[in-house]
Amino acid sequence: MIQITLPDGSKREFKRGSTPMDVAKSISEGFARNVISAQFNDTTIETSTPLNEDGSLILYTFNDTEGKKAFWHSSAHVLAQAIQHLYPNVKLTIGPAIENGFYYDIDFGNNIVSEKDFPTIEKKFLELARGKHEFKMREVSKADALLKYKKEENQYKVELIENLNDGEITFCDHSDFTDLCRGGHIPNTGIIKAVKVMSAAGAYWRGDEKNNQLTRIYGVSFPKQKMLTEYLELLEEAKQRDHRKLGKELELFAFSSKVGQGLPLWLPKGAALRDRLESFLKKAQKKAGYEMVMTPHIGQKELYVTSGHYEKYGEDSFQPIHTPKEGEEFLLKPMNCPHHCEIFNHKPYSYKELPKRFAEFGTVYRYEQSGELHGLTRVRGFTQDDAHIFCTPDQLDQEFKNVIDLSLYVLNSLSFDNFTAQVSLRDKENKDKYIGSDENWEKAENAIINAAKEKGLDYVIEYGEAAFYGPKLDFMVKDALGRSWQLGTIQVDYNLPERFDLTYKGADNQLHRPVMIHRAPFGSMERFIAVLLEHTGGKFPLWLTPEQVIILPISEKYQKYAEKVLDLLENSEIRALIDDRSEKTGRKIRDAELNKIPFMLIVGEQEEKDGIVSVRKQGEGDIGTFSINDFVSFLNKEINSTLQQF
């Protein structure tokens, strides 16, 4: 017998050789029908894999991230099989699951696949899937694996196998199809009920432009047709909410080929929006004891060599700036933290003066590949709401929890209510990617986990996601369409204080090393605004929206009254404007709706006579007549209901 530990901590005994599916059936036949993948002792396995030792077992359905991964990885095999049936001479390379679906990179030779071929591929895919063919893993010797793919003249698979050793090469078989694969499949192809080929794009083998260009076929699949229909509807909604589309319509930002790719230009409305976000955070930071600082856009190369950024990111940065002085090199600032370390270093501190909290809306520059640039979410110049806290080890716990409170305040004030905290730790296997001692890493990781527990956060632990200098707490936020975004981060760092030789004088009159906390509740202003645009569909919270009110005089006769209303609103710090175009009122209302202006004040003869305004709310219609003072009170109440106090 073997003992199996389930996620709830319960332990059950099974005969040696039992499978994950046997365990699932022992729980419930209904549950077992939905189980499609499993993990045993931290290794992904098939539901038919025999279990021959004690261990921890997790069973996954399509509702689980790992379940979807197995489902979509299996679907990539069926896609490759379908394409091989339709185009017998293709050469297959790799086909992984991705966040939403899967892809397969294929050398089509002289064949060209376009959108018109997608329905044929989908039809063949479903025809093969209906056969309910089991996915079966088998180990293959390196010699036999090489023989197979050399015979097929598939140099891509040969290259992959040449980098593997005997004992770590496995094939997956289903129906008449075989593929080089490490495993992680659903029980059989029949579970896949719906598929959509989404797009085809060029992709270089192994991402190297010196290699052959392949065709990458993207797809998505589901266990029910209804789920695919809902997904496609969601994609259509996402197109309407695309921040690039909304940013253009609302005149928030633009890009110019003359200025350069990935360098956004903020238009007046967008700049005002950013300014309000900055003012919102500055006000909260001031209450929390932060001091604003400013640093240059460039720094000497030596600064980033000291911090470790040059070693880790030098190749991805803009090329050094050479001055007339021989040997003098500067870099566009890739990070704010080295500059803040030098601000701390400008004078000696006593433990009585700590913590020091330096904050800056600092613009940094990274050379992203042109193919990776995407609107505001991936740019080459962006502004971080950066701050660095220098504290004693005894202050670390409370300071970290204070930053969590500030981050939650930001998310809640902007209606990001659905989020998970991700504790990002070092990769257990590959520690070469990081700087600093094991002792410092363990202290930093424990500090984050303890703070997350004490604040009652719903958190998950992800290994390999830490920054190179320290672990972090990332806020993974779901938007209105259920998509997950990383917004805001808090990091504990024992390493940069060592590299910059930062010290303070302790109560014992000796010099001690401070601990450093990096934090950015927004992350970057550009990315945060992009996500906020898509989350709200351009209907920002009332306190943030560029124009809160538009006044619509029904004819030129009431222009002066409209101006009087405008003055009264502006005196109450309400953002308003007048639509004085020679258009019919109905057209003005439609345009205000499209521009997502929250309130419309219609003024005519009766309104001027009674000193009132007729009010329409965007998306809702007429809500009645108000005196100007009553409307101001109403609006302020609406604003305060969405903007919490810190």
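The values are calculated or read from the model by the stated rules, or taken from the named source; none is laboratory data. If you're wondering where the values come from, they're calculated on a predicted model, not measured in any experiment. Cβ coordinates were reconstructed from backbone atoms using ideal geometry, including for glycine residues, and neighbour counts include every protein chain displayed.
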Counting just the residues of segment 342-385 that are out of contact with any Leu (no Cβ under 9 Å at 6 or more places or on another chain) and among the β-branched types (Val, Ile, Thr), which one comes out nearest to VAL515 (Cα to Cα)? ILE343
Within the bounds of segment 284-300, is there any residue that is modelled with pLDDT of 95 or more, on the phi > 0 side of the Ramachandran plot and not in a helix (DSSP H, G or I)? yes
Report the residue count in segment 42-60 for those that are farther than 19 Å from GLU13 by Cα, part of a strand (DSSP E or B) and not polar (S, T, N, Q). 2
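Per-residue answers, yes or no, for (1) more than 24 Å from LEU180 (Cα to Cα); (2) of a type in the set (Gly, Ala, Ser):
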position: ASP8; (1), (2): yes, no
position: GLY17; (1), (2): yes, yes
position: THR43; (1), (2): no, no
position: PRO50; (1), (2): no, no
position: HIS85; (1), (2): no, no
position: PRO96; (1), (2): no, no
position: PHE102; (1), (2): no, no
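For residues that are assigned to a helix (DSSP H, G or I) and of a type in the set (A, V, I, L, M, F, W, C), scanning just segment 61-74, find the one that is farthest from SER221 (Cα to Cα). Break it down stepwise before answering.
Within segment 61-74, the first condition is being assigned to a helix (DSSP H, G or I), and the residues that meet it are 65-74.
Subsequent filtering for residues that are of a type in the set (A, V, I, L, M, F, W, C) retains 70-72.
Numbers: ALA70: 11, PHE71: 8, TRP72: 7 Å.
Out of the qualifying residues, it is ALA70.
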Quick check, is HIS309 within 30 Å of HIS243 (Cβ to Cβ) and modelled with pLDDT of 95 or more? no
For ALA466: the one exception among (1) modelled with pLDDT of 90 or more; (2) under 24 Å from GLN398 (Cα atoms); (3) of a type in the set (A, V, I, L, M): (1)
Here is a list: LEU235, LEU214, LEU246, LEU303. Which entry is in contact with a strand residue (DSSP E or B) (Cβ under 6 Å, 6 or more places away or on another chain), surrounded by 13 or more Cβ atoms within 10 Å (Cβ to Cβ) and either in a helix (DSSP H, G or I) or not basic (Lys, Arg) (or both)? LEU214
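What tally of residues in segment 537-562 results from selecting those that are among the acidic types (Asp, Glu) and touching a strand residue (DSSP E or B) at 6+ places or on another chain (Cβ under 7 Å)? Can you show your working first?
Start the filter on segment 537-562 by keeping residues that are among the acidic types (Asp, Glu), which leaves 547, 556.
With touching a strand residue (DSSP E or B) at 6+ places or on another chain (Cβ under 7 Å) added as a condition, the list becomes 547.
Result for segment 537-562: 1.
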Considering only residues that are in a helix (DSSP H, G or I) and surrounded by 15 or more Cβ atoms within 10 Å (Cβ to Cβ), which ones fall in segment 609-633? ILE628, PHE631, VAL632
Determine which member of the set LYS69, LYS116 is surrounded by fewer than 17 Cβ atoms within 10 Å (Cβ to Cβ) and either more than 21 Å from GLU152 (Cα to Cα) or assigned by TED's automatic domain parsing to the domain that holds GLU152 (or both). LYS116
Write out, first by first residue and then by second, each pair whose Cβ atoms fall under 8 Å of each other, whose residues are 6+ apart or on separate chains, and whose first residue, in segment 161-176, is in the same structural domain as SER75 (by TED's automatic domain parsing) and over 16 Å from THR49 (Cβ atoms) while the second is β-branched (Val, Ile, Thr) and assigned to a loop (DSSP other than H, G, I, E, B). ILE161/ILE169; ILE169/VAL140
What about PHE468, is it surrounded by 19 or more Cβ atoms within 10 Å (Cβ to Cβ), among the aromatic types (Phe, Trp, Tyr) and within 27 Å of GLY362 (Cα to Cα)? no
Within segment 614-642, the residues that are charged (D, E, K, R) and either at positive phi or free of Cβ contacts under 8 Å to residues at least 24 places away in the same chain (or both) are LYS617, GLU620, ASP622, ASP630, LYS637
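Kindly indicate whether any position in segment 532-540 is of a type in the set (S, T, N, Q), over 25 Å from LYS584 (Cβ atoms) and either modelled with pLDDT under 90 or surrounded by fewer than 16 Cβ atoms within 10 Å (Cβ to Cβ) (or both). If you could, list the steps in order and put the result at the bottom.
The first filter runs over segment 532-540 and keeps only residues of a type in the set (S, T, N, Q), leaving 536.
Still in the running and over 25 Å from LYS584 (Cβ atoms): 536.
With the extra rule that they be either modelled with pLDDT under 90 or surrounded by fewer than 16 Cβ atoms within 10 Å (Cβ to Cβ) (or both), the set shrinks to none.
So far as segment 532-540 goes, no, none of its residues is of a type in the set (S, T, N, Q), over 25 Å from LYS584 (Cβ atoms) and either modelled with pLDDT under 90 or surrounded by fewer than 16 Cβ atoms within 10 Å (Cβ to Cβ) (or both).
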Starting from segment 413-442, keep only residues that are assigned by TED's automatic domain parsing to the domain that holds LYS478 and within 30 Å of ALA480 (Cα to Cα), then list their pairs with residues that are surrounded by fewer than 21 Cβ atoms within 10 Å (Cβ to Cβ) and among the hydroxyl-bearing types (Ser, Thr, Tyr) whose Cβ atoms are within a distance under 8 Å, requiring at least 6 positions of separation or different chains. SER413/THR642; SER415/THR536; SER415/THR642; THR420/TYR459; ALA421/TYR459; GLN422/TYR459; VAL423/TYR459; LEU425/TYR463
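Quick grid of which residues meet (1) assigned to a helix (DSSP H, G or I); (2) in the same structural domain as GLY207 (by TED's automatic domain parsing); (3) over 26 Å from the mean Cα position of the chain (by Cα):
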| site | (1), (2), (3) |
| --- | --- |
| PRO7 | no, no, yes |
| GLY17 | no, no, yes |
| GLN39 | no, no, no |
| ALA76 | yes, yes, no |
| ASN89 | no, yes, yes |
| TYR104 | no, yes, no |
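Taking segment 161-192 on its own, how many of its residues are part of a loop (DSSP other than H, G, I, E, B), in contact with a helix residue (DSSP H, G or I) (Cβ under 6 Å, 6 or more places away or on another chain) and more than 20 Å from LEU146 (Cβ to Cβ)?
4
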Which residues, counting only those in segment 133-151, are loosely packed, with under 13 Cβ neighbours inside 10 Å and not in a helix (DSSP H, G or I)? ARG138, GLU139, SER141
From the options ARG590, ARG527, residue that is surrounded by fewer than 21 Cβ atoms within 10 Å (Cβ to Cβ) and either in the same structural domain as ASP394 (by TED's automatic domain parsing) or not in a strand (DSSP E or B) (or both): ARG590
